[in-house]
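The values are calculated or read from the model by the stated rules, or taken from the named source; none is laboratory data. The structure presented is a predicted model; accordingly, all values stated were derived computationally and were not measured. All Cβ positions, even for glycine, are placed from backbone atoms using ideal geometry, and neighbour counts span all protein chains on display. Just the protein is used for accessible areas: all its heavy atoms, side chains included, with ligands, DNA and RNA removed. Shrake-Rupley method; radii C 1.70, N 1.55, O 1.52, S 1.80 Å.
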Amino acid sequence: MNEYEIVRDGGAGLIDLSELRGRIRISGSEATMFLNGLMTNDMKSLAANRWMASVFPTVQGRLIGAVRVIRGGDPSFLIDTETPSHDAVLKTISRFTMAGDFKVSDVTAETALLTVQGQLAGEVIEKVFETPASEIPVNGVSEIHGVMIIRASHTGENGFDILLDSSRKAEMLQVLETAGAQPISADTLEILRVEAGIARFGQDVDETTVVPETNLDDAVSYTKGCYVGQEIIVRIKHRGHPAKKLTGLRFETDAQIESGAIINSTENQEIGRVTSAVVSPRMGSIGIGYVRYEHLAEGTRVVTADGINATVTGLPFVETNG
């Protein structure tokens, strides 16, 4: 099997995410309170050994960073963010370290993050860690021999992230390969990511994006107390919808569409732009992009500025098994 088929057709793909993501540890008796005032999701509801998606917004409701928040067995949190937003997230959090019992440490360099994705990912985890993968629930976390195992998908397939000391990374990569995981390149990961409809910071979302324009619905709580940017985010929800939103696009071509390509309506009015595009082995030329709300209905016909016909489609492109 090639790399794509390893993940999509019943194997186990191995990906090193260490350089693609940053990691920040938060602790202190007031950590929950401070984080709750800075993030869109409800940290009070996050149980030990679980993780949830969240967003650090600006006062205008725009993204500083979309993150994963992991709560360990103790009162500490681990913020896992994409590398392009890491510095801004760290700066946002660090401003409050003098305001109370709130400790922040950047542990990116001293940790490594690997992931195993695909139908056989659970079997690989069981071989390496001698523990039933089925006991780690979706959004669950387990610590075994100083290694954190996180049930999470980056591809739409079943997956497990492995967080460990960076000094152990080379050894762990070898052990995982021996157990049946096969290395996956960045190019293949990009295809899998787009198929799974996962937005990338700096490419599909950035500091100009208002949170409701994204597909990060599970990262926002509308029942928690006040937080930075809440007024704007809630106002847009109560208004009914944002002016534009991230969606999927299927292009009628064998070629890859350029990122940034303008999307027009069939009446030749500009209605959006492409942010990510790939040529999928199964689905052909597809992409993610922003389209104005009135053109978001599944099956809407659109066209790129250089004349390539396309169809609006919901995300993700693949059925999520993770």
Residue list for segment 159-172, filter: over 10 Å from residue 16 (Cα atoms), open to solvent by 10 Å² or more (accessible area, probe 1.4 Å) and either hydrophobic (A, V, I, L, M, F, W, C) or in contact with a strand residue (DSSP E or B) (Cβ under 9 Å, 6 or more places away or on another chain) (or both): 163, 165, 166, 167, 168, 170, 172
Segment 196-232 - residue that is out of contact with any strand residue (DSSP E or B) (no Cβ under 6 Å at 6 or more places or on another chain) and part of a helix (DSSP H, G or I) and, of those, nearest to residue 57 (Cα to Cα): 230
Single unsatisfied condition, residue 80 versus (1) more than 21 Å from residue 183 (Cα to Cα); (2) of a type outside the set (Val, Ile, Thr); (3) open to solvent by 60 Å² or more (accessible area, probe 1.4 Å): (3)
Filter result for residue 167 (modelled with pLDDT of 95 or more, of a type in the set (S, T, N, Q) and more than 30 Å from residue 317 (Cβ to Cβ)): yes
Any hit, segment 303-318, residues being touching a strand residue (DSSP E or B) at 6+ places or on another chain (Cβ under 7 Å), without any contact (Cβ under 8 Å) to a residue 40 or more places away in the chain, farther than 22 Å from residue 205 by Cα and assigned to a strand (DSSP E or B): no
Residue 197 vs. criteria of a type in the set (Gly, Ala, Ser) and surrounded by fewer than 20 Cβ atoms within 10 Å (Cβ to Cβ): no
Members of segment 143-158 found to be modelled with pLDDT under 95 and open to solvent by less than 30 Å² (accessible area, probe 1.4 Å), listed by number: 144
Residue match in segment 43-55 (condition: part of a helix (DSSP H, G or I), in contact (Cβ under 8 Å) with a residue 12 or more places away in the chain and not aliphatic (A, V, I, L, M)): yes
Residue identified as at positive phi, out of contact with any Leu (no Cβ under 6 Å at 6 or more places or on another chain) and open to solvent by less than 40 Å² (accessible area, probe 1.4 Å) among 22, 10: 10
Residue count, segment 137-154 (criterion: over 17 Å from residue 164 (Cα atoms) and either more than 17 Å from the chain's Cα centre (by Cα) or without any contact (Cβ under 8 Å) to a residue 60 or more places away in the chain (or both)): 1
Selection count, segment 173-194, where residues are over 16 Å from residue 154 (Cα atoms) and surrounded by 18 or more Cβ atoms within 10 Å (Cβ to Cβ): 2
